[in-house]
Amino acid sequence: MANLAISNVCNLNCPYCFAAAYMSRENGAARPFITIDAFQQRLDFLERSHISQVRLIGGEPTLHPQFTTLVELARQRGFTILVFTHGLVRARPLACLTALSPDDCLVLVNMNATRSGCEPDAAETAQREAVIRQLGPRALLGFNIYRPQFDLQPLLALIQKANCRPAIRLGLAQPILNGDNACLHPKQYPAVGRQLAQFARHAAAVGVRLEFDCGFVRCMFGDEELALLQERGADVAWRCNPILDISLDGRAIHCFPLTGRVETAVAAQDAPTLRQQLTTQTQAYRLVGIYRECSFCPYKQQGAPQGACTGGCLAQTMRRFRHQDLQFVLPAPTVGQVRNLPYEENRDDR
């Protein structure tokens, strides 16, 4: 997969925004939105990469003044559409999306996006829910966890009321290396794991499935909690790999939290080649993880097979090392250099 940035503009101010460093860097760009020609080149990239889905991100992608044209171009070439949005969608782009079949369109709505830098207010919540009701089965609710206490119960009622997809996409807010955002500390992960296991009971009771985004780690769940999640049909996974966020100026970024640190030019390359380049840049850091114990954990040492843990978000892993001691330049540091670097603990001594 690959995410195509079509807008460097967002009209909200989420405290956990993982794209904040990217947005800050792009604010001075002459063009805040992708051009039609550049978008056609992105579609060429997807075709030569044998990727069948156009995943539109920003900023807020629906703010693009030619959003409907971009969607039409993608559909003309046979792509399905996935839009990542804060949900406060204006009438014209909303009409464009609701005109598509639910088989061809998925809209991932970030339910705790906000203008205020704290929790969404009543007006934002009402507007977002109205949009979701119009999207119906095209909508998938998402929630970014950026503090230990959170409430997912209202999402269950909305899913039933709006007839949207019976799932909730869960994300852990991760740090951005070249910026500052609100995010969980790995010490807080077990508390989050307990809440998610408890919530899975309620979700399963009404036929809603939990889906894990990247950055989760196995040890945030006890064995009984993990078994409960699996019994309730949750999509439990420990992902961390090059997502490929493609910027407006044609750079492939490992993921937005690593903006300015792990990226490469798209040029005429395909997605597998770009992923290999970015994997090579980060190879030394993959030996460790977000906790000291990751270096010795049997789940981490298994590597990539199904069920093995990746050691958590790469941005969290790199943040363990003191920034003043870690100058991330190409070529990537050697394994020995990484192991010998001083680092900050991510959990209490035990």
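So, in the stretch 121-142, exactly how many residues are touching a helix residue (DSSP H, G or I) at 6+ places or on another chain (Cβ under 7 Å) and of a type outside the set (D, E, K, R)? Full working, then the answer.
At the first step, the residues of the stretch 121-142 found to be touching a helix residue (DSSP H, G or I) at 6+ places or on another chain (Cβ under 7 Å) are 129, 131-136, 138-139, 141.
Still in the list and also of a type outside the set (D, E, K, R): 131-132, 134-136, 139, 141.
Total meeting the criteria: 7.
Kindly provide the set of residues from the stretch 287-304 that are buried (at least 20 other Cβ atoms within 10 Å of the Cβ) and not in a loop (DSSP other than H, G, I, E, B), ordered by number. Outline the logic, then answer.
Here is the first cut: in the stretch 287-304, the residues buried (at least 20 other Cβ atoms within 10 Å of the Cβ) are 288-291, 294, 300.
Within the stretch 287-304, CYS294, LYS300 meet the criteria.
Just need a number here: residues in the stretch 165-178 that are without any contact (Cβ under 8 Å) to a residue 60 or more places away in the chain and surrounded by fewer than 17 Cβ atoms within 10 Å (Cβ to Cβ).
1
Restricting attention to the stretch 185-207, does a residue exist that is out of contact with any His (no Cβ under 9 Å at 6 or more places or on another chain), under 17 Å from ASN110 (Cα atoms), surrounded by fewer than 17 Cβ atoms within 10 Å (Cβ to Cβ) and not assigned by TED's automatic domain parsing to the domain that holds ASP103? Working first, answer last.
Taking the stretch 185-207 first, the residues out of contact with any His (no Cβ under 9 Å at 6 or more places or on another chain) are 185-207.
Imposing the further condition that a residue be under 17 Å from ASN110 (Cα atoms) reduces the set to none.
No, the stretch 185-207 contains no residue that is out of contact with any His (no Cβ under 9 Å at 6 or more places or on another chain), under 17 Å from ASN110 (Cα atoms), surrounded by fewer than 17 Cβ atoms within 10 Å (Cβ to Cβ) and not assigned by TED's automatic domain parsing to the domain that holds ASP103.
How many residues are in a loop (DSSP other than H, G, I, E, B) and without any contact (Cβ under 8 Å) to a residue 24 or more places away in the chain if we restrict to the stretch 11-45? Break it down into steps so the answer makes sense when it comes.
Pass one, the stretch 11-45, residues in a loop (DSSP other than H, G, I, E, B): 11-19, 27-32, 34-35.
Narrowing further to those that are without any contact (Cβ under 8 Å) to a residue 24 or more places away in the chain: 27-28, 30, 35.
Selection size over the stretch 11-45: 4.
Read through the list (1) over 27 Å from ILE6 (Cβ atoms); (2) not in a loop (DSSP other than H, G, I, E, B), then give the number of the only condition that ALA252 fails.
Unmet for ALA252, out of (1) over 27 Å from ILE6 (Cβ atoms); (2) not in a loop (DSSP other than H, G, I, E, B): (1).
Which residue pairs have Cβ atoms under 8 Å apart, sit 6 or more places apart or on different chains, and have a first residue in the stretch 179-200 that is at pLDDT below 95 and a second that is in a helix (DSSP H, G or I)?
GLY179/ALA20; GLY179/ALA21; GLY179/SER24; ASP180/ALA20; ASN181/ALA20; LEU184/VAL192; PRO186/GLN316
Residues checked against (1) in a loop (DSSP other than H, G, I, E, B); (2) in contact with a Leu (Cβ under 6 Å, 6 or more places away or on another chain); (3) not assigned by TED's automatic domain parsing to the domain that holds GLU263:
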| residue | (1), (2), (3) |
| --- | --- |
| GLU47 | no, no, no |
| ILE51 | yes, no, no |
| ARG55 | no, yes, no |
| GLU72 | no, no, no |
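Just for the stretch 1-51: of the residues that are within 28 Å of PHE143 (Cα to Cα) and among the polar types (S, T, N, Q), which one is surrounded by the most Cβ atoms within 10 Å (Cβ to Cβ)?
Per the criteria, the residue is ASN8.
I'm trying to understand the selection: among the residues of the stretch 135-164, which are buried (at least 16 other Cβ atoms within 10 Å of the Cβ) and farther than 23 Å from ARG201 by Cβ?
LEU135, ARG138, ALA139, TYR146
Give the stretch 45-69 a look and list any residue that's over 24 Å from ALA162 (Cα atoms) and under 22 Å from the mean Cα position of the chain (by Cα), or say none. Show your work before the answer.
Quick first cut of the stretch 45-69, residues over 24 Å from ALA162 (Cα atoms) only: 45-54, 58-59, 64-67, 69.
The answer is PHE45, LEU46, SER49, HIS50, ILE51, SER52, GLN53, VAL54, GLY58, GLY59, HIS64, PHE67.
Looking only at the stretch 236-245, decide whether some residue is in contact (Cβ under 8 Å) with a residue 60 or more places away in the chain and assigned to a strand (DSSP E or B). Quick ask: steps written out before the conclusion?
Quick first cut of the stretch 236-245, residues in contact (Cβ under 8 Å) with a residue 60 or more places away in the chain only: 238-241, 243-245.
Checking the rest, the ones that are also assigned to a strand (DSSP E or B) come to 245.
Within the stretch 236-245, one or more residues are in contact (Cβ under 8 Å) with a residue 60 or more places away in the chain and assigned to a strand (DSSP E or B).
So which pairs qualify, if the first residue must be in the stretch 207-225 and more than 29 Å from LYS161 (Cβ to Cβ), the second must be among the acidic types (Asp, Glu) and surrounded by fewer than 18 Cβ atoms within 10 Å (Cβ to Cβ), the Cβ gap must be under 8 Å, and the two must be at least 6 apart or on different chains?
Within 8 Å, the pairs are CYS219/GLU293.
Results for (1) touching a strand residue (DSSP E or B) at 6+ places or on another chain (Cβ under 8 Å); (2) closer than 20 Å to CYS240 by Cα; (3) not aliphatic (A, V, I, L, M), shown as yes or no for each residue.
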| site | (1), (2), (3) |
| --- | --- |
| ILE145 | yes, yes, no |
| LEU152 | yes, no, no |
| ARG165 | yes, no, yes |
| GLY193 | no, yes, yes |
| PHE199 | yes, no, yes |
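Which one of these is farther than 24 Å from GLY171 by Cβ and at pLDDT 75 or above: PRO342, PRO298, PRO331?
Working: PRO342 fails: at pLDDT 75 or above; PRO331 fails: at pLDDT 75 or above.
Answer to the check: PRO298.
Any idea which residue in the stretch 180-206 is nearest to GLN160 (Cα to Cα), counting only those that are aliphatic (A, V, I, L, M) and over 19 Å from the mean Cα position of the chain (by Cα)?
Of everything passing the filter in the stretch 180-206, VAL206 is nearest to GLN160 (Cα to Cα).
Check GLU263 against each of (1) among the charged types (D, E, K, R); (2) in contact with a Leu (Cβ under 9 Å, 6 or more places away or on another chain); (3) free of Cβ contacts under 8 Å to residues at least 24 places away in the same chain; (4) closer than 23 Å to TYR291 by Cα and name the one condition it does not meet.
(4)
Any chance you could count how many residues in the stretch 260-270 are within 18 Å of the chain's Cα centre (by Cα) and at pLDDT 90 or above? Quick ask: steps written out before the conclusion?
Our first condition is that a residue be within 18 Å of the chain's Cα centre (by Cα); within the stretch 260-270, this holds for 260-263.
Those left that are additionally at pLDDT 90 or above: 262-263.
Residues in the stretch 260-270 being within 18 Å of the chain's Cα centre (by Cα) and at pLDDT 90 or above: 2 in total.
The values are calculated or read from the model by the stated rules, or taken from the named source; none is laboratory data. Because the structure is predicted, anything quoted here is derived from the model rather than measured. Note that we place each Cβ from the backbone using ideal geometry, even for glycine, and neighbour counts take in every protein chain shown.
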